[in-house]
1. Using the alpha-carbon atoms, what tilt in degrees (0 to 90, nearest 10) does helix 440-449 show relative to the longest principal axis of the chain?
2. Over the Cα atoms of segment 269-457, what Rg and Dmax result, in angstrom?
3. Which shape class, rounded, prolate or oblate, goes with segment 248-326 when its Cα gyration tensor gives a ≥ b ≥ c as root eigenvalues, a/c under 1.5 marks rounded, and past that a/b bigger than b/c marks prolate?
4. Computed FRET efficiency, Cβ-Cβ of E15 and R233, R0 41 Å: what is it to the nearest 0.05?
5. Ordered by packing density, taken as the mean number of other Cβ atoms within 10 Å over each peptide's residues, highest first, how do 439-445, 109-115 rank?
6. Contact order normalised by length for the chain, with contacts defined as Cα pairs under 8 Å and 6 or more residues apart; what percent is it?
7. Please compute the net charge surrounding V13, taking Lys and Arg as +1 and Asp and Glu as -1 over other residues with Cβ under 13 Å from its Cβ.
8. List the lysines whose Cα sits under 22 Å from the Cα of K483, skipping any in the same chain fewer than 8 residues away.
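No lab work stands behind these numbers, since they all come straight from the coordinates. Note that the coordinates shown come from a computational prediction; the quantities given were computed from them, not determined experimentally. Backbone-built Cβ (ideal geometry, glycine too); neighbour counts: all protein chains shown.
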Amino acid sequence: MTQYAAPGTAGSVVEFRSRYDHYIGGEYVAPSKGGYFENPTPVTGQTFTEVARGTADDVERAIDAAEGAAAAWGKASPGERSGVLLAIADQMEANLEKLAVAESWENGKPVRECLAADIPLAIDHFRYFAGALRGQEGGISQIDENTVAYHFHEPLGVVAQIIPWNFPILMATWKLAPALAAGNAIVLKPAEQTPASIHVLLEVIGDLLPAGVLNVVNGFGVEAGKPLASNPRISKVAFTGETTTGRLILQYASENIIPATVELGGKSPNIFFDDVAASKDAFYDKALEGFAMFALNQGEVCTCPSRALIQAGMYEEFLGEAVERTKAIKQGHPLDTTTQVGAQASNDQLEKILSYIDIGKQEGAKVLTGGNRADLGGELSGGYYVEPTIFEGHNKQRIFQEEIFGPVVSVTSFDDYDDAMKIANDTLYGLGSGVWSRNGNTAYRAGRDIQAGRVWVNNYHSYPAHAAFGGYKQSGIGRETHKMMLDHYQQTKNLLVNY
Ligand code: NAD
């Protein structure tokens, strides 16, 4: 089989409901007053389901349910909670294709990425935090001869989680797995573009959790996200999205003096030093693959290597081959397992990317390939497709400075190491970056000098659960993944006892 059947047609591994309500206290609950909004698939542009439009009343009901469930879940032993997380992982694994096809259809991403990366990474996250929780220990300090301090981990209570649309299930999992492991009850708001994937996930795992531990309120940012993030009854807000929205989230959190983690945008440099071209071997080929990562997930990745910096000595040769490789990327139906680039997630995102392509052209940057909306014909004509696009220009242009969040890379050359670092760090962002060199010293030094939370050296775009991930500068505050996340979802209780 090379293509999965589309949802709604014979043989599909996933059937969406015609309508999704909120999920509160373990049940589907109709919206109190917001009605429903239409949810189109980016594959064809056609509506495939409608979704409850959350308001402040729905948020209050979800927090009521979470508060009711928080105490018992928080007091469950680490062994019990860990067991539930492992069961969730098993259940997701048993439903891998269903989750993958649901996400591909709703987001437009190639199903092969969902099958090989997005869903397996999500599954591994639950397993990782199930294990991390079992390994977590409190501390004992002797204060003086008669006094001892004990440290205990306690859950925060009810936490709000607000996620974007680019990796719906993985972004949910990055937040759910550590928060659940730590014993919190959750109110999650999916992105308005991709709520159905989260509801398919709930169909798969919802029954494994006590009612009220995980609640989902659908809807839009200001209508549903703001009343959630600014609610005085929550103990933490964990947010992933745009830097402009992150600024608002921090303001809401400051009103209630609660912790906020904000995982935000990026404009990641991918730096190729001359020695990459010392030989046309497997390493050279791997570096070209690393360049092409700008088109992975249609460029809708916070760490998209959207600025390529190539050293002058190999610039023409390497870029020429990178352009040929980009032209060979297969764009097509997202449910075709041979497709490498699918559809952008929404019409708004499509328009935004096309407007940046126009800006690049107006700024005088040169289009080396792509530069247009892609019309794939037939039923895909109404879908949201953009050609993978390479611009050549300089780092002061807007297409080098602003997050486009599409399959667009802006390329420039650099003379020497200092020049590379200057260009790489000349950005408001500091999330991801890549360094390619055969010289270990150069790679290490660059890895330390780049102001970003994640530097991939001689690889790009891997997200293991046990490697900390997060941003410098305006790319965010806090980290995700890694067992340190347990601390971010817990209070430390100190008991100081005089015997
Ligand atoms: P967005 O900020 O528009 O929306 C993200 C979420 O916030 C959505 O659920 C939205 O409904 C909600 N929201 C919007 N306004 C709100 C408000 N006033 N109050 C509360 N909630 C509100 O971002 P997006 O377009 O969905 O996602 C793309 C962005 O996410 C990109 O900038 C990308 O770089 C970033 N991102 C970052 C990471 C990371 O780990 N750093 C990962 C993925 C995506």
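1. The helix 440-449 is inclined about 60 degrees to the chain.
2. Expressed in Å, the Cα Rg and Dmax of segment 269-457 come to 16.1, 52.
3. On the way: a/c = 3.85, a/b = 3.07, b/c = 1.25.
Because a/c hits 1.5 or more and a/b exceeds b/c, segment 248-326 counts as prolate.
4. Numbers: r = 36 Å, r/R0 = 0.87.
Working from the Cβ atoms, E equals 0.70.
5. On the way: 439-445: 14.1, 109-115: 24.1.
Per-residue Cβ counts within 10 Å, averaged per peptide and sorted highest first, yield 109-115, 439-445.
6. Details: 1157 pairs, mean separation 93.9, N = 499.
Relative contact order here is 19 percent.
7. Working: positive: K98; negative: E15, E97, E103, E203.
Value of the local net charge: -3.
8. Counting by Cα, and skipping residues close in sequence, K483 has these lysines nearby: K75, K175, K236, K493.
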